[in-house]
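K.L.:
One structure coming up, written as structure tokens, with questions to follow.
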Amino acid sequence: TKTISKCYVQVTGMTCASCVANIERNLRREDGIHSILVALMAGKAEVRYNPAVIHPSAIAELIRELGFGATVMENCDEGDGILELVVRGMTCASCVHKIESTLMKTNGVLYCSVALATNKAHIKYDPEAIGPRDVIQVIKDLGFTTSLVKKDRSASHLDHKQEIRQWKRSFVVSLVFCIPVMGLMIYMMVMDSQLSDAHAHHNMSSEEMEALHSSMVLEYQLLPGLSVMNFLSFLLCVPVQASGVFGGWHFYIQASRALRHNTANMDVLVVLATSIAFLYSFVILLVAMAEKARVNPVTFFDTPPMLFVFISLGRWLEHVAKGKTSEALARLISLQATEATIVTLGPDNVLLSEEQVDVELVQRGDIVKVVPGGKFPVDGRVIEGHSMVDESLITGEAMPVTKKPGSTVIAGSINQNGSLLISATHVGADTTLSQIVKLVEEAQTSKAPIQQFADKLSGYFVPFIVAVSVVTLFAWIIIGFVDFEIVEKYFLGYNKSISAAEVIIRFAFQASITVLCIACPCSLGLA
């Protein structure tokens, strides 16, 4: 008997089905080549040859002579079929051993592992020698019931609806609290600029300025040290900052996960800046109230709502964009047929029997019947019948294509008027449609180089910002104790009744928090 070996050749430069036909037709004529199968989307040719007559490198050279790029693929595991089964009726370890040993003795099974706890079997086989239906039959003959592990065909992992809803809600809620905060800020800015104008024109003393300042509605003190402005900002900030349902909980979860793995991402910055701004402002308010301060302290209650607004808007838009790509992919996946009608032919192509099977159980070389209006479950070659086929899903060509014996058909395309019998050439993950889905999925998961660079940067960025704000804190404390006048010049309206040391520390904290807050929603992260 002639020994037949199998090799895989990576083929580049194929553009359409006629390239495939060209390679297959020319190589079949060569001596020593038993059969050849070319997959267009995977850019791969599977060649069965007689090693006594021809070698894989010579096969690749033949393909190159036809004008394509060709290299022999070393690791040939790609051709192995993998089968995941649920096996019912196993009671103990001996059942497991019985299934495993019987399967391993079966010709064509390369590897088999059965788990009693989960009732699952994982089998690797050579599609040339055996197919999934044969494997299932072997297990059934041993007295166990078995079925395929159901694959999720709905592509629910590509669905971004929940994230879109979550971020949209987060954005809207943060916005509701953010608009009043921004309104208060703008009002304060306008009033402050008017006051400073008045101060410039009328040469008021600082006491008169203070009196005029506190006569403003928002600066009116509800309690000593607690102004209307600060009280309202606090009320608007708490729901966004603290509540689990509203804005910020997502960031806290992500940040804690990142820190647990000793990395710092954008979420860590968001959490740091908002939490510190909130806690600092809250503590300073309590201190002011305890001291019954006449001048209202500078708080940062506007930071958390505004930060969350910008970031949740960014994330919302990001998920909407992702959702659009995924939608296209989900539509593609939904084009795949779920069942196939397999027929057994007698002499002269007489139909002996037919049965409906799951599309994943179709084996290479099976004869599949496709009725008018039906989808082709696998890629194959027509062996009997004439029909028109709508292949627009792959080619974009709206006109139906004529199919006659010898024509190739593509999984997912729709048979129109005649009944066809096809011989399966590419099944399972090797069909054109599965390959397209795989390519799109890979494109989605792989990052652009600039994106990888940004991720890498943000890893250094976060610790860097934290370090800078700590340096700022200590720098101002040192400057303050060395030359108090510099602090006095920049720290306007501090309470004359508190000690110089406290003034310095407050100012230093304010400066370092400002660094954190401003650097946090850095354009890098949002972009």
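K.L.:
Output the strands (runs of 3 or more DSSP E) that fall wholly within the stretch 34-144 and possess 2 or more residues being free of Cβ contacts under 8 Å to residues at least 60 places away in the same chain, or say none.
P.N.:
Once the strands (runs of 3 or more DSSP E) in the stretch 34-144 are filtered for at least 2 residues that are free of Cβ contacts under 8 Å to residues at least 60 places away in the same chain, what remains is 44-49, 81-88, 109-115, 120-125.
K.L.:
Also, I was wondering about something else. Of THR344, THR338, which residue is over 30 Å from GLU441 (Cα atoms), open to solvent by 60 Å² or more (accessible area, probe 1.4 Å) and either in contact with a Phe, Trp or Tyr (Cβ under 7 Å, 6 or more places away or on another chain) or not acidic (Asp, Glu) (or both)?
P.N.:
THR344
K.L.:
Now for a different question. Return the residues of the stretch 361-404 that are in a loop (DSSP other than H, G, I, E, B), β-branched (Val, Ile, Thr) and under 21 Å from GLU46 (Cα atoms); say none if nothing qualifies.
P.N.:
VAL362, VAL378 - these are the residues of the stretch 361-404 that are in a loop (DSSP other than H, G, I, E, B), β-branched (Val, Ile, Thr) and under 21 Å from GLU46 (Cα atoms).
K.L.:
Moving on to the next point. So which residues in the stretch 29-43 are over 13 Å from LYS438 (Cβ atoms) and open to solvent by less than 70 Å² (accessible area, probe 1.4 Å)?
P.N.:
Result: GLY32, ILE33, SER35, ILE36, LEU37, VAL38, LEU40.
K.L.:
Here are some conditions: (1) among the aliphatic types (A, V, I, L, M); (2) more than 22 Å from PHE461 (Cβ to Cβ); (3) part of a helix (DSSP H, G or I). ALA293 meets all but one. Which one does it not meet?
P.N.:
(3)
K.L.:
Here are the criteria: (1) out of contact with any Asp or Glu (no Cβ under 7 Å at 6 or more places or on another chain); (2) hydrophobic (A, V, I, L, M, F, W, C); (3) under 30 Å from SER147 (Cβ atoms); (4) open to solvent by less than 20 Å² (accessible area, probe 1.4 Å). Tell me which single one VAL9 does not satisfy.
P.N.:
Every condition holds for VAL9 apart from (3).
K.L.:
Can you tell me which residue in the stretch 176-199 is farthest from VAL309 (Cα to Cα), limited to those that are out of contact with any helix residue (DSSP H, G or I) (no Cβ under 7 Å at 6 or more places or on another chain) and of a type in the set (Val, Ile, Thr)?
P.N.:
VAL190
K.L.:
What is the residue count in the stretch 371-381 for residues that are over 27 Å from ASP126 (Cβ atoms) and open to solvent by less than 60 Å² (accessible area, probe 1.4 Å)?
P.N.:
Of the residues in that region, 2 qualify.
K.L.:
Quick check on my filter: what residues within the stretch 305-357 are in a loop (DSSP other than H, G, I, E, B) and not polar (S, T, N, Q)?
P.N.:
Within the stretch 305-357, LEU335, ALA337, GLY346, VAL350 qualify.
K.L.:
Next question, about the same structure. Quick check, is HIS261 crowded, with 18+ Cβ neighbours inside 10 Å, outside the structural domain of ILE383 (by the TED database) and more than 20 Å from LEU235 (Cα to Cα)?
P.N.:
no
The values are calculated or read from the model by the stated rules, or taken from the named source; none is laboratory data. Treat the numbers as computed from the prediction; the structure is a model and nothing was measured. In this analysis, Cβ positions are derived from the backbone assuming ideal geometry, glycine residues included, and neighbour counts consider all displayed protein chains. In case anyone asks, the SASA skips ligands and DNA or RNA and just uses the protein heavy atoms, side chains included. Shrake-Rupley method; radii C 1.70, N 1.55, O 1.52, S 1.80 Å.
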